[in-house]
Each structure stands twice: as structure tokens, then as C-alpha cells.
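Asker: Let me give you the structure first, and then I'll get to my questions.
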Ligand code: NA7
């Protein structure tokens with residue numbers, strides 16, 4: 001099983017061979033990129049990938065902060081495309097840690113030999129559609145220029161950390177790190193005075209562990225967040241046996257659910273149609289079960305204000321009972337947005353951490369941060385000295401990583417201009433005016449609202465089927481129809497408007513990044529409905545997509561790759 005150092009074997013500077021022309025350029029080597037490599041190879045396409053990191057793993061490569069874990073149960077956070085793979089891999093914990101997930105990614109990459117057509121340490125800096133040739137021209141920060149018939153973005157949804165937005169960082173004499181780009185070498189926390197800025201999932205996962213290691217930990221909280229206990233532990237043997245009895249079917253069933261995970265304790269009822277005792281009992285059951293069940297145990301927690309208020313009040317009481325100092329408890333209670341409308345966090349001992357003598361909470365709505373100083377952080381109240389500042393301040397989610405690619409489509413249109421008022425995309429798979437460009441988990445798909453391994457597999461398979469359809473039918477170009485795209489955008493927005501999600505200043509709404517348009521970024525109608533919709537669109541003849549046979553284009557169906565340079569010339573994948 002590889003680790004991130006041995007994983008680099010074979011990708012040395014000397015060997016780095018980048019083709020001039022391939023069928024598909026794939027951007028990103030996280031779970032989406034890896035599966036796409038496998039799938040495209042299966043349908044006979046020559047694909048070549050670029051990855052900014054020195055190794056595979058994507059989000060799980062970068063988010064190495066203490067306590068980083070998946071919030072989907074590991075038995076479900078698993079590729080389902082290969083029954084053998086399901087058999088061969090065993091997870092050790094109910095919610096896998098970042099190192100174990102990265103090990104899994106390496107296991108898969110080794111198992112299916114997925115590394116050899118990826119250039120690591122290479123960031124795509126621009127991609128431009130050459131209309132005459134019907135090709136994408138992809139440029140990198142290493143000076144590579146590659147032409148491809150298709151371009152597939154697998155850049156991830158939470159892969160562009162927000163820059164620290166606090167002035168004075170250059171003056172700070174200590175060390176600073178970001179949770180979303182945590183260093184590979186260990187960060188020495190023991191005995192240090194540590195600050196964490198941010199109380200989203202990354203802050204909430206890392207704070208209890210940093211508190212155990214640091215001499216003193218100060219948490220700078222702008223908005224308190226809802227968190228429920230994960231109840232992590234070893235994988236439950238009885239449940240695992242049940243899942244493994246027909247693992248492939250278990251995964252297929254997951255695709256028939258709203259969130260891409262089993263509904264193990266959901267009632268399907270409104271929280272308002274049961275008695276107060278039953279409501280409380282169901283909430284207790286969900287609290288004791290972990291996962292996102294508190295948000296799903298009743299069907300209307302994020303759509304009905306009364307149901308939502310009941311769930312919120314339940315958690316408020318839990319926070320009050322976990323935190324000894326009532327004043328601190330009140331500061332930790334979220335009151336400014338409906339329960340579940342910001343990504344719910346799963347934690348281990350988060351609220352109880354504030355009972356520790358070495359932990360301090362600073363509410364920066366009361367005493368805002370004025371800036372970073374040589375010694376530490378200055379608020380309107382005082383200066384706090386630190387050895388280490390941890391920015392757990394989140395990501396420019398979903399659209400940020402795509403816009404960072406500097407994509408230019410047909411007629412010189414820039415994606416950045418097209419999306420200046422918010423992203424438009426047909427099904428989150430294609431963008432009108434950007435032919436032959438596919439996006440895995442693009443905006444207006446379910447993406448982060450469902451189990452990402454499931455949404456990734458679905459998108460990669462859909463894209464591969466579409467390309468296969470083109471190759472077999474002499475179709476050289478596909479584009480999303482702009483009317484279909486507008487209709488989809490309306491549908492996505494209308495669905496979101498029926499929920500309480502639009503009331504929160506969340507990264508789901510783009511509200512965490514100054515200047516970002518306020519648009520709900522995902523399809524909230526349910527993964528199952530979305531999958532059905534995508535299938536119906538295909539069986540109706542790809543409604544909303546326009547295919548064109550382009551005269552003079554390289555013949556489809558002939559997988560090819562062109563190299564320059566002495567080594568590898570003439571290689572065909
Ligand atoms: P999140 O959930 O976006 O959380 C970021 C946190 O950082 C949140 O508490 C923010 O407060 C805070 N923040 C952001 N910018 C600032 C500035 N400039 N000053 C002070 N505080 C700030 O990111 P995470 O990495 O924790 O989690 C992202 C997802 O990864 C998570 O939802 C899971 O799906 C996995 P705010 O709430 O904006 O007031």
C-alpha cells in the first residue's frame with residue numbers, strides 16, 4: 001500500500017513526460033480524477049492528467065490538519081465500481097481519518113495503475129477552446145501546452161482555500177498554517193500558544209485535538225456553528241457484515257437516496273406531525289446515532305420553520321448541558337441561521353473542549369480582530385500573543401477551483417465573465433458555450449449535498465457514456481443548450497428557495513467569500529431524483545445537449561496521443 005512519499009516513485013523530473021495531444025485532458029487527481037482515468041481507459045480514450053499537488057488525493061491530500069475526518073461513514077465513502085475493490089479494502093473506523101482515506105486513494109491508484117498518465121506538481125493555468133480545431137488548449141505553470149478533444153475538470157468542490165483575509169500576517173513572527181493546505185511535515189503544537197480562527201467543520205474537528213496538545217488554545221469565533229457528536233469508533237462488525245453480504249447492492253441502494261447514504265433512522269415524517277415526546281425521542285435517537293441524521297430524521301427540518309426551530313432548540317439544550325460556563329455556552333449557541341442550513345459538523349468532544357482550563361473562546365463579533373501583529377492577534381479589546389495561528393477559514397467552494405482554471409470557451413467567452421452574477425451550468429455537467437468541457441460535481445449538481453464518492457461515480461460514468469456515445473456516432477462536439485441551461489438554473493434556484501438554506505450566509509450560498517455572488521450552488525432536489533433526471537435526459541436523446549459532427553476534425557473513435565521529445569514518442573495508451 002503506498003504512502004505519499006513512495007507514491008512519487010516513477011514521477012521524477014527526468015521522467016516527466018507530457019504529451020502534446022491527447023483525447024482527454026483531466027484536471028485533478030482526487031477521487032474524481034482517479035476514477036475518470038480508470039473509466040476513460042476502459043472506453044479506450046487516451047487521457048492525460050494534471051495535478052497541482054505532488055501526489056494523488058485532492059482534498060484528502062491537502063487537508064491533513066489534526067482531526068481531519070470524513071463526515072460520511074467510511075463503508076459508504078467507498079468506490080462502488082469494482083466489486084473486487086469493495087472486497088479488498090477494509091476501513092478501521094466508522095468515520096475514516098484523513099491518513100486512512102489517503103491510504104485508500106493510494107491503494108486504488110496502485111491497484112488500477114492510475115498514476116502513470118498524470119503530471120504532478122503541475123497547475124493548470126489556462127484552458128482555451130480552439131474553435132477551428134475543435135480542441136482544448138491547456139496550459140500549465142510548468143510551461144506545458146497540451147491539446148485535447150475533451151477537457152474534464154475534476155478539480156474538487158472544496159479545494160481552493162480562502163486566502164487569510166486578515167491584515168498584518170506578513171508581520172507575524174510566529175508560524176501560521178491553513179487547515180485546507182496543511183503542511184506535509186508535522187506541525188509542532190506541543191507546549192505552544194495556538195490560535196484557531198474559524199469554527200466550521202475544519203475548526204470543529206481540529207480544536208479538540210489542538211487543545212490536548214497546545215499549552216494554550218484560543219478560538220476566534222465569528223459565527224457559532226451547529227455540531228453533533230459523530231460517535232466515531234471502530235467499524236461496527238455486525239453492521240459491516242450486513243453491508244458486505246451484498247456490498248454492491250448496498251451501494252446501488254445509496255444511489256436511490258437523497259443523500260447518497262443509507263437512511264437508517266429517518267422517519268419520513270414531518271417533525272410537526274408527531275407529539276412533542278416523540279419528536280424529542282427521535283431527536284435523541286438521532287443525536288445518539290451520529291451522522292447527519294438529526295437533519296434527516298424528519299423530512300422537513302430544513303424546509304419548515306417550526307420543525308427547524310424544534311431541532312435547533314434541541315441542540316441548544318445539548319450545548320448548554322455540555323458546556324459548564326453558561327456564558328461560554330451562550331456564545332457557542334448558533335442563533336443567526338436555521339439549523340442545518342450551514343454544513344452540519346460532526347465532532348468528537350467539541351463543545352466539552354471549552355471546559356478545559358487551557359482553552360479560551362473569543363467572540364469576534366463582540367471584539368473584532370483588528371489585525372495580526374508581530375506577537376499575535378489584536379482585537380478591539382487586547383492583543384493575544386501566539387506561536388502558531390491556524391486559519392480554519394474555509395474555501396472558495398464549488399466555483400472557485402473552476403474559475404481558477406481561466407477557462408475561455410467559444411467565441412473567446414471567459415467563464416469568469418459568464419459567471420459574474422453566479423454560475424450557470426446544465427446539470428452541473430456542462431456549460432453552454434464551452435463545448436466538450438465536462439465538469440465533475442459542477443455547480444447546480446447535488447455534489448456536496450450527497451455522498452461525494454457516489455456523486456463522483458455518477459458524473460464520471462455519465463461523462464464517459466456521453467463521450468462513448470459521441471465516439472460511436474461520429475459526433476465530434478457536444479455543447480449544452482443555453483435555454484436548457486437557463487431552465488435548469490431556474491429549477492435549481494426554485495428548489496432552493498423552498499428551503500431554509502437560502503437564509504444562511506454559508507459557503508453553500510457563496511456568502512463566505514467577499515464579493516462572490518449570492519447563489520445557492522447545488523441541486524437540492526435529492527441525488528436519487530437527480531440521477532433519474534440525468535438518465536431520462538439520455539434516454540430521451542440527450543435533451544438539452546447539442547451534438548455536432550465537425551468537418552475535418554480528427555476522426556472520433558480513434559484513441560490517440562501525440563508526444564514530442566525523445567522518450568515516449570509514438571506511445572499509445
Ligand atoms: P467553513 O465551514 O467555511 O468555516 C470557516 C470558518 O471560518 C467559519 O467559522 C467562518 O465564519 C470563519 N471565517 C471565515 N473567514 C473569516 C474571517 N475573515 N475572519 C474570521 N473568521 C472567518 O470551512 P471549513 O474548512 O471549516 O469547512 C468546509 C467544509 O469542509 C465543511 O463544511 C465540510 O463539508 C468539509 P463565518 O461562519 O463565515 O462567520
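Asker: Only bridges with both residues in the chain count here: give the DSSP antiparallel percent, nearest 5.
Answerer: 40
Asker: As a test of the formula, what do you get for the chain when each DSSP H run with n ≥ 4 contributes -39,500 (n - 2.57) and the sum is divided by the residue count, at 222 nm and rounded to the nearest 500 deg cm²/dmol? All intermediate terms of the calculation are to be shown ahead of the outcome.
Answerer: On the way: 17 runs with 171 residues, N = 573.
Dividing the helical sum by the residues of the chain leaves -9000 deg cm²/dmol.
Asker: What nm value, rounded to one decimal, do you get for the distance between residue 483 and residue 92 when each label is placed 7 Å out toward the C-beta?
Answerer: Label at residue 483, label at residue 92, 5.8 nm between them.
Asker: Taking Cα atoms, how many degrees apart are the long axis of helix 452-472 and the longest axis of the chain, rounded to 10 and kept between 0 and 90?
Answerer: Tilt of helix 452-472: around 10 degrees.
Asker: Also, I was wondering about something else. Could you compute the FRET efficiency for residue 414 and residue 317, with r as their C-beta to C-beta distance and R0 at 35 Å, rounded to 0.05?
Answerer: 0.10
Asker: Taking the Cα-to-Cβ direction at residue 421 and at residue 185 and moving 7 Å from each Cα, how far apart do the two end points lie in nm?
Answerer: My value for the distance between the label points is 5.0 nm.
Asker: Once you keep just the Cα pairs under 8 angstrom separated by 6 or more residues, what percentage relative contact order results for the chain?
Answerer: 20
Asker: Now a separate question. Set the Förster distance to 45 Å, then compute FRET efficiency between residue 546 and residue 352 from the Cβ-Cβ distance, nearest 0.05. Present the calculation step by step, with values, prior to reporting the outcome.
Answerer: Numbers: r = 57 Å, r/R0 = 1.26.
Step by step, r from the Cβ atoms, then E = 0.20.
Asker: Additional query: With a ≥ b ≥ c the root eigenvalues of the C-alpha gyration tensor of the chain, is it rounded (a/c under 1.5), prolate (a/b larger than b/c) or oblate?
Answerer: It is prolate, given that a/c is not under 1.5 and a/b is the larger ratio.
Asker: In degrees between 0 and 90, to the nearest 10, how far off the longest principal axis of the chain does helix 527-539 point, with axes built from Cα atoms?
Answerer: With both axes taken from Cα atoms, the answer is about 10 degrees.
Asker: Relative contact order for the stretch 388-497 using alpha-carbon pairs under 8 Å, separation at least 6, rounded to a whole percent?
Answerer: With pairs under 8 Å counted, the relative contact order is 25 percent.
Asker: Please report 79, 150 as a ranked list, fewest other C-beta atoms within 10 angstrom at the top and most at the bottom.
Answerer: 79, 150
Asker: Another question about this same structure. Can you give me the Cα centroid spacing of the stretch 360-433 and the stretch 226-301 in angstrom?
Answerer: Measuring centre to centre over Cα atoms gives 32 Å.
Asker: How would you order 338-348, 234-244 from highest to lowest mean count of nearby Cβ atoms within 10 Å?
Answerer: So the peptides 338-348, 234-244, ranked by packing, come out 338-348, 234-244.
Asker: Give the shape of the stretch 208-330 as rounded, prolate or oblate, defined through the alpha-carbon gyration tensor: a ≥ b ≥ c are the square roots of its eigenvalues, a/c under 1.5 means rounded, and otherwise the shape is prolate if a/b is larger than b/c and oblate if not. Before the final figure, lay out the partial values.
Answerer: Numbers: a/c = 2.30, a/b = 1.28, b/c = 1.80.
Cα axes put the stretch 208-330 in the oblate bin.
Asker: Moving on to the next point. For a protection proxy built on the mean count of beta-carbon atoms within 10 angstrom, sort 399-406, 375-382 highest first, please.
Answerer: Numbers: 399-406: 20.2, 375-382: 15.2.
So the order, starting with the most tightly packed, is 399-406, 375-382.
Asker: Oh, and also: Work out, step by step, the length gained on full extension between residue 245 and residue 374: first 0.36 nm times the residue separation, then minus their alpha carbon distance; give nm to one decimal.
Answerer: Gain on extension, residue 245 to residue 374, equals 40.6 nm.
Asker: Could you give the angle, 0 to 90 degrees to the nearest 10, between helix 201-213's Cα long axis and the longest principal axis of the Cα atoms of the chain?
Answerer: 60
Asker: In whole angstrom, note down how far apart the Cα centers of the stretch 323-347 and the stretch 140-219 are.
Answerer: That distance is 23 Å.
Asker: Sort 324-333, 61-70 for me by packing, meaning the mean count of neighbouring Cβ atoms within 10 Å per residue, highest on top.
Answerer: 61-70, 324-333
Asker: Rounded, prolate or oblate: which fits the stretch 284-324, taking a ≥ b ≥ c as square roots of the Cα gyration tensor eigenvalues, rounded meaning a/c under 1.5, else prolate when a/b beats b/c?
Answerer: Verdict is oblate for the stretch 284-324.
Asker: Using a Förster distance of 56 angstrom, determine the FRET efficiency expected from the C-beta separation of residue 139 and residue 278, and round it to 0.05. Walk me through the numbers on the way to the answer.
Answerer: Details: r = 60 Å, r/R0 = 1.07.
That pair, residue 139 with residue 278, gives E of 0.40.
Asker: Any chance you could run the full-extension gain for residue 253 through residue 498? It's 0.36 nm times the residue separation minus the Cα-Cα distance, nm to one decimal.
Answerer: Taking residue 253 through residue 498 to full extension adds about 85.5 nm, to one decimal.
Where a number appears in this text, it was derived from the coordinates with a stated rule and is not lab data. Predicted model only: the values in this text are computed from it and were never measured. Counting neighbours? That spans all protein chains shown, and the Cβs are built from the backbone with ideal geometry, glycine included.
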